[in-house]
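What follows is a short report on a single structure.
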Ligand SMILES: Nc1ncnc2c1ncn2[C@@H]1O[C@H](COP(=O)(O)OP(=O)(O)OP(=O)(O)O)[C@@H](O)[C@H]1O
Ligand SMILES: [Mg+2]
């Protein structure tokens, strides 16, 4: 397959090993991974530690190049040197530790870092910075030094720094792992808004199943391979599989499954507390 | 329990924000004038000359709106050096003897020379403090980068130096915070950073420095990846959010101060 170029991102039988020797089995971080992502999608990737999520993420914008196979972004191969910077502009990345991705000593200078690298004219940088800060709700902190912000605020600044480059896709590698619940909510709301209102494609890597549930599609990774793929409602019903892969089962789904075991007639697609409440109320009124 | 310094709201440099004429000048203007003043002060060798230079600096302080105590604060750490310079010169110079006690002889020439050197040091420190007090470290970095850019042809890595300064400014508070955290963690396990002789104290720093270094390297690694992901590829073809621009005031200050300092240096 010469890259199905109609799709926005195509990962075609990608293998990768950090030592450069694809032969050694235990060294393989990615093993023949194939996947396509359509423009505007919200995809979540879950999997236990070391399953290859970050490695896959870094392939989506050419930070890592496949040892075998190809990655295509908007019809461009990430191995093609001429397109390297176009691809990095189209696919922005946000990392886990907000402290280690903020470059400049004030918020607005940091958000300007990407556009500055693109060589945009000063006035355009200004408008992009103001816009990006407004989108993540950090306008009033434009002049603040990053170390004075909370974790959630820093991560929103990091997102603004990527948004200011006008990417079509945002890849977030455990962006909430180091945040408190308030920060997590701030960041998740920002991500959802970017996907729904700005139409930005989102690839979210996360350890939190309640975040993955919000995606259109969930990929489950294990030992460098994608072992399940589907809508959250379907994937999260496979409680035994999740357990086997050492993943948390979202509490609501766990509860639903136990209630079903007690032969309560609950529908299959219960993912959130709200859905559970609705389903239970319907059951009661039905009785 | 030993109190641990809190670094949370640290400010780097001595910058005092303001809206004065001096604050609004282009950083390059201020750097150039300061440089000129520093060099000029070495050529002045009359008390009248130093008086005029002092007057000029006093005027700048007045226009900057910075409370003078901040300028004297900068002098405090070097007061010993200034006194020592004064004493050494006063007693070690040959000439008309004013006072003698044992092998110590105070001469008229010595007093004059020592006084002049002391004044020169004070003016140097106060003069350069005006620059750092009215210019934010960021603006200072931008100014230096812009001034050094022509030196690229002779191998001065202007952009790289400025990038290093920017990243240092960004990460010093983060690393200080981390130091504090590690210190508290080690102290909770009974580490003692305060007592013992020099060698013991140096050794007690080891459990602090090792994790700090490990983490700093990890940070550097991650930062490099994040910068690449944001299309950083060196200074080539890069633009800036804040473009430096000379205004009328800059030209006036440059020309005026330039002529005045030059005149002082050549005639006084
Ligand atoms: N820089 C590296 N050098 C060598 N091996 C690495 C490197 N980074 C990751 N690996 C290895 O590659 C495999 C996949 O790692 P990866 O970081 O992609 O996993 P992950 O799913 O992101 O895990 P986590 O949930 O801990 O972030 C692991 O076995 C890991 O040890
Ligand atoms: Mg990871």
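Coordinate-derived values only; no laboratory data. For clarity, every value in this text was computed on a predicted model and none was experimentally measured. All Cβ positions, glycine included, derive from the backbone under ideal geometry; neighbour counts span all protein chains shown.
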inquiry  = Run the simple label-point estimate for residue B:88 and residue B:251 please: 7 Å along Cα→C-beta, distance reported in nm.
reply    = 4.6 nm
request  = Please identify, among B:140, B:169, B:241, the residue showing maximal mean-square fluctuation in a Gaussian network model of chain B using a 10 angstrom Cα cutoff.
outcome  = B:241
key: Proxy reagent accessibility, fewest Cβ within 10 Å first, across B:163, A:93   = B:163, A:93
inquiry  = What is the angle, in °, between the Cα long axis of helix A:151-163 and the longest principal axis of the Cα atoms in chain A? Nearest 10 is fine, range 0 to 90.
reply    = 60 degrees
query = What average number of partner chain Cβ atoms lie no more than 10 Å from the Cβ of the residues making up B:171-181?
reply = 2
query = For residue A:34 and residue A:254 in the same chain, what is the full-extension length gain: residue separation times 0.36 nm, less their Cα-Cα distance, in nm?
reply = 76.2 nm
message = Please report, in whole Å³, the volume per residue of the convex hull around the C-alpha atoms of the range B:99-154.
response = 146 Å³
task = Could you compute the FRET efficiency for residue B:16 and residue B:108, with r as their C-beta to C-beta distance and R0 at 25 Å, rounded to 0.05?
result = 0.05
task = Please report how far the C-alpha centroid of the range A:215-255 lies from that of the range A:103-153, rounded to the nearest whole angstrom.
result = 36 Å
ask   = For the range A:35-67 and the range B:79-97, what is the separation of their C-alpha centers, rounded to whole Å?
value = 71 Å
Share of pairwise Cα separations in chain B, more than 22 Å, in percent = 70 percent
note = Averaged over residues of A:76-85, the number of beta carbons from other chains lying within 10 Å of each residue's Cβ is 1
inquiry  = Viscosity 1.306 mPa s, temperature 10 °C: give me the Stokes-Einstein translational D for the protein assembly as shown in µm²/s, with Rh taken as the Kirkwood radius over C-alpha pairs.
reply    = 56 µm²/s
query = Across peptide A:116-123, what mean number of C-beta atoms from other chains lies inside 10 Å of a residue's C-beta?
reply = 5
message = Order B:73-85, A:116-128 from most to least packed using the mean count of other Cβ atoms within 10 Å.
response = A:116-128, B:73-85
message = Between helix A:122-135 and chain A, what is the angle of the helix's C-alpha long axis to the longest principal axis, kept within 0 to 90° and rounded to the nearest 10?
response = 20 degrees
query = In a Debye calculation with equal point scatterers on the alpha-carbon sites of the range B:132-231 and no solvent, what is log10 I(q)/I(0) at q = 0.15 Å⁻¹?
reply = -0.82
message = What distance in nm lies between label points placed 7 Å from Cα along the C-beta direction at residue A:80 and residue B:217?
response = 3.9 nm
inquiry  = Quick check on the range B:1-151: what does the Kirkwood estimate of hydrodynamic radius come out to from the alpha carbon pairs, in Å?
reply    = 17.8 Å
task = Report the calculated FRET efficiency for residue B:168 and residue B:58 (r = Cβ-Cβ distance, R0 = 35 Å), to the nearest 0.05.
result = 0.60
GNM result for chain B, Cα springs below 10 Å: residue of B:20, B:129, B:215 fluctuating most strongly = B:215
request  = Take the eigenvalues of the Cα gyration tensor for the range A:1-124, scale each by 5, and report the square roots as semi-axes in whole Å, largest first.
outcome  = 28, 19, 14
query = Using a Gaussian network for chain A with springs between C-alpha atoms less than 10 Å apart, which of these wobbles most: A:28, A:19, A:176?
reply = A:19
message = Please compute one quarter of the surface area of the Cα convex hull for the range A:84-215 and express it in square nanometres.
response = 7.4 nm²
query = By counting other Cβ atoms within 10 Å of each Cβ, how are A:147, A:207, A:82 ranked from fewest to most?
reply = A:82, A:207, A:147
key: Efficiency of FRET between residue B:72 and residue B:203 - r from beta-carbon atoms, R0 41 angstrom, step 0.05   = 0.60
message = Just to be sure I understand the model, the point goes 7 Å from the Cα along the line to the Cβ. What's the resulting residue A:269 to residue A:131 distance in nm?
response = 3.5 nm
key: Per principal axis, descending, Cα span of the range A:53-160 in whole Å   = 46, 31, 20
Pairs of alpha carbons in the range B:175-231 whose separation is greater than 18 Å (percent) = 46 percent
query = Which of rounded, prolate, oblate describes chain A, given a ≥ b ≥ c as roots of the alpha-carbon gyration tensor eigenvalues and a/c under 1.5 marking rounded, otherwise prolate only if a/b is larger than b/c?
reply = oblate
Antiparallel bridge percentage (DSSP; both residues within the protein assembly as shown; nearest 5) = 55 percent
inquiry  = For the range A:154-287, compute Rg over Rh where Rg is the Cα radius of gyration and Rh is the Kirkwood radius from the inverse mean 1/r over Cα pairs.
reply    = 1.02
